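For reference, the structure is listed below as C-alpha cells.
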Amino acid sequence: MGNIFDNLSGEESVFKDKTPLDHRFLPEKLPHRRDQITNIAKYWIEALNNVTPSDVTIYGKTGTGKTAAAKFARDQLNEAAKNKDVFIKVEYIRCTDYTTEYQVIAQLCQRLGRDVPNRGWTKGEVVNTFRNIFKQNAFGKKLILIVILDEVDILLEKDGDGILYTLTRTENVSILSISNYVDFKKFIKPRVMSSLRDKEIVFPPYGADQLADILKERANLSFKEDSLKDDVIPLCSAMAAKEEGDARYALDLLRTAGEIADDEDSDKILGEYVRTAKDRIEHNKITDIIITLPTQQQRVLEALLKLTQSGEEITSGKLYDTYKEVSKGDSVTYRRIFDFINELEMLGIISTNTISRGRGKGRTNIISLQCDTDLLQETLYSI
Ligand SMILES: Nc1ncnc2c1ncn2[C@@H]1O[C@H](COP(=O)(O)OP(=O)(O)OP(=O)(O)O)[C@@H](O)[C@H]1O
Ligand SMILES: [Mg+2]
C-alpha cells in the first residue's frame with residue numbers, strides 16, 4: 001500500500017472543486033440581489049465624495065444573502081475608491097467573534113494600526129484611542145470608516161447598545177448593521193436611536209426559481225461536467241424554498257448530495273441523493289445540538305425519551321420526576337427545568353402545548369419531542 005493520502009486523492013469524485021459550495025465562498029455574481037446591493041451603494045457613494053454615508057441596517061432571515069451582499073458592496077466600494085482622492089476603509093466585524101463593545105473598538109483600533117490590548121484597558125481608554133484616530137487626522141487625509149456589524153443582535157443582546165452610541169458619536173464613522181430580526185431595535189435605547197437615524201434595506205427570502213439560479217452558478221464551478229442529473233437543482237431549490245428561502249441550506253443540500261454520490265461511487269448525482277442529503281443534514285444538526293448541551297439538559301432529554309417511549313402524556317411534573325430518577329440525586333430544581341424546557345423548545349428539539357383540562361381543573365403544559373426518538377437515543381447513548 002502506498003501513502004494513504006495518494007490513494008484517497010486518486011479516488012473518483014463528482015467534484016472538481018469543493019470550495020464554491022462552502023458557505024464562506026464569496027461568488028463573483030450574486031443573482032437576485034442587485035436591488036439590495038444597489039441600495040447599499042446609493043448610500044455609500046457619498047463616501048466617494050468625501051462625505052460620511054448614512055448608517056444602514058439590513059434585515060432578513062437566515063441565508064438570504066445579507067453577509068454576501070455586504071461583503072460584495074465592500075469590495076466594490078474599495079475598487080471604486082482606488083481611482084479617487086479619498087481615504088475610505090470598510091471593516092467587517094462579525095459580532096459572534098467580537099461580542100462586546102470593548103472587543104469591537106479594540107479590534108477596529110488594531111486594524112487601523114493602533115496598539116490596543118484585547119483586554120486590560122478601561123472602555124474609556126479604548127474609545128479615546130479610537131476617536132483620536134479621526135481627530136488627529138492620523139493618516140494626513142480625512143478617513144471615512146464604514147463598520148459592518150454582522151449579526152449585530154448578538155452584540156446588542158449581550159453587551160447593550162453602547163457600541164452603537166460610541167460609533168454614531170464618532171466623526172466620519174458610518175455603520176452597516178446586519179440583523180436577522182426586524183425587532184432587534186428593541187435592544188436600542190431612544191437616545192441611541194436618535195443618533196442612529198439609519199436607512200433600512202430588507203432582504204426577502206428567495207423563491208425556488210431564484211435559488212435554482214444561485215445553485216446553477218455554484219454547481220458549474222464545483223462539479224465536473226455532466227455529473228448532475230436534471231432534477232437535482234430543482235429538488236434542492238424546492239426544499240430550501242420551503243425552509244424559508246435559505247440559500248445556505250440549498251448549498252448544503254447540493255454539496256451533501258455530491259458527497260453521497262462519491263460515497264456511492266456514482267459518477268452522477270441523482271435526485272434521490274438529495275433526499276438522503278436532507279436526512280443527513282437534519283441528523284447532523286440534531287446530533288451537534290445534543291452533544292453540546294450541558295449534562296443536566298441531556299438528562300432532561302433522556303427523561304423525555306423514556307416517557308415518549310412508554311407512550312405517556314408528558315407534563316412538566318412527570319418530566320421532573322423522571323428526570324430526578326435519571327439523574328440519581330444530582331439534579332437541579334423544578335424551576336430550572338422550566339428554563340431548560342424553554343431552551344430546548346427554542347432549539348426546535350421539543351414543543352410544548354398548553355391544554356385546558358376543563359372547568360376548574362386549570363391548564364397543563366404537555367411536552368412532546370420534535371426529533372426522531374431513535375436518533376435521540378443513539379446520540380444520548382453515544383455521549
Ligand atoms: N444571491 C446570491 N447569489 C449567490 N450566492 C448567494 C446569494 N445569496 C446567498 N448566497 C450564498 O448563500 C450562502 C448564505 O448567504 P449569506 O451568508 O450571505 O446569508 P445571510 O443572509 O448572511 O445569512 P445569516 O443570517 O444566517 O447570516 C452563502 O454561501 C452565500 O454565498
Ligand atoms: Mg450572515
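When region 219-239 is limited to residues that are within 14 Å of PRO27 (Cα to Cα) and touching a residue at least 24 places away in the same chain (Cβ under 8 Å), the one that is surrounded by the fewest Cβ atoms within 10 Å (Cβ to Cβ) turns out to be LEU221. Looking only at residues in region 272-290 that are of a type in the set (Asp, Glu) and closer than 14 Å to ASP252 by Cβ, the one that is modelled with the lowest pLDDT is GLU282.
Which one is nearest to ligand 2 (Cβ to nearest atom), of the residues in region 75-96 that are assigned to a strand (DSSP E or B) and aliphatic (A, V, I, L, M)? Restricting to residues being assigned to a strand (DSSP E or B) and aliphatic (A, V, I, L, M), the top hit is ILE93.
With surrounded by 15 or more Cβ atoms within 10 Å (Cβ to Cβ), out of contact with any His (no Cβ under 8 Å at 6 or more places or on another chain) and not assigned by TED's automatic domain parsing to the domain that holds ILE337 as the only criterion, which of LEU305, LEU319, LEU270 stands out?
The conditions single out LEU270.
Please work out which residue is nearest to ligand 2 (Cβ to nearest atom), limiting yourself to region 33-59 and to residues that are of a type in the set (A, V, I, L, M, F, W, C), in contact with a strand residue (DSSP E or B) (Cβ under 7 Å, 6 or more places away or on another chain) and within 27 Å of ASP209 (Cβ to Cβ). Taking the candidates together, the pick is ILE58. Only one of the numbered conditions (1) of a type in the set (S, T, N, Q); (2) free of Cβ contacts under 8 Å to residues at least 60 places away in the same chain; (3) not assigned by TED's automatic domain parsing to the domain that holds ARG248 is violated by GLN298, and that is (2). The residues on offer are LYS242, LYS216, and the sole one that is over 24 Å from GLU282 (Cβ atoms) and either surrounded by fewer than 18 Cβ atoms within 10 Å (Cβ to Cβ) or acidic (Asp, Glu) (or both) is LYS216.
Whether any residue in region 34-43 is surrounded by fewer than 17 Cβ atoms within 10 Å (Cβ to Cβ), within 29 Å of ASN220 (Cα to Cα), touching a Leu at 6+ places or on another chain (Cβ under 8 Å) and touching a residue at least 12 places away in the same chain (Cβ under 8 Å) is what I want to check.
Here is the first cut: in region 34-43, the ones surrounded by fewer than 17 Cβ atoms within 10 Å (Cβ to Cβ) are 34-35, 38, 41-42.
Those left that are additionally within 29 Å of ASN220 (Cα to Cα): 34-35, 38, 41.
Those left that are additionally touching a Leu at 6+ places or on another chain (Cβ under 8 Å): 41.
Now restrict to residues that are touching a residue at least 12 places away in the same chain (Cβ under 8 Å): 41.
Yes, the conditions are met somewhere in region 34-43.
Would region 219-236 turn up any residue that is acidic (Asp, Glu), within 12 Å of ligand 1 (Cβ to nearest atom) and on the phi > 0 side of the Ramachandran plot? Checking region 219-236: not a single residue is acidic (Asp, Glu), within 12 Å of ligand 1 (Cβ to nearest atom) and on the phi > 0 side of the Ramachandran plot. Checked against (1) surrounded by 14 or more Cβ atoms within 10 Å (Cβ to Cβ); (2) under 28 Å from PHE72 (Cα atoms); (3) modelled with pLDDT under 95; (4) not hydroxyl-bearing (Ser, Thr, Tyr), GLU171 passes all but condition (1).
Here GLU157 meets each of (1) in contact with a Cys (Cβ under 9 Å, 6 or more places away or on another chain); (2) more than 28 Å from ILE45 (Cβ to Cβ); (3) assigned to a helix (DSSP H, G or I) with one exception, condition (1). Candidates are the residues of region 157-191 that are under 17 Å from LEU108 (Cβ atoms) and among the aliphatic types (A, V, I, L, M); the one that is nearest to ligand 1 (Cβ to nearest atom) is ILE178. Candidates in region 46-74 are the residues that are touching a Pro at 6+ places or on another chain (Cβ under 9 Å) and part of a loop (DSSP other than H, G, I, E, B); of these, the one that is farthest from ligand 1 (Cβ to nearest atom) is LYS61.
The values are calculated or read from the model by the stated rules, or taken from the named source; none is laboratory data. Note that the structure is a prediction, hence the values are computed from the model and not measured. Backbone-built Cβ (ideal geometry, glycine too); neighbour counts: all protein chains shown.
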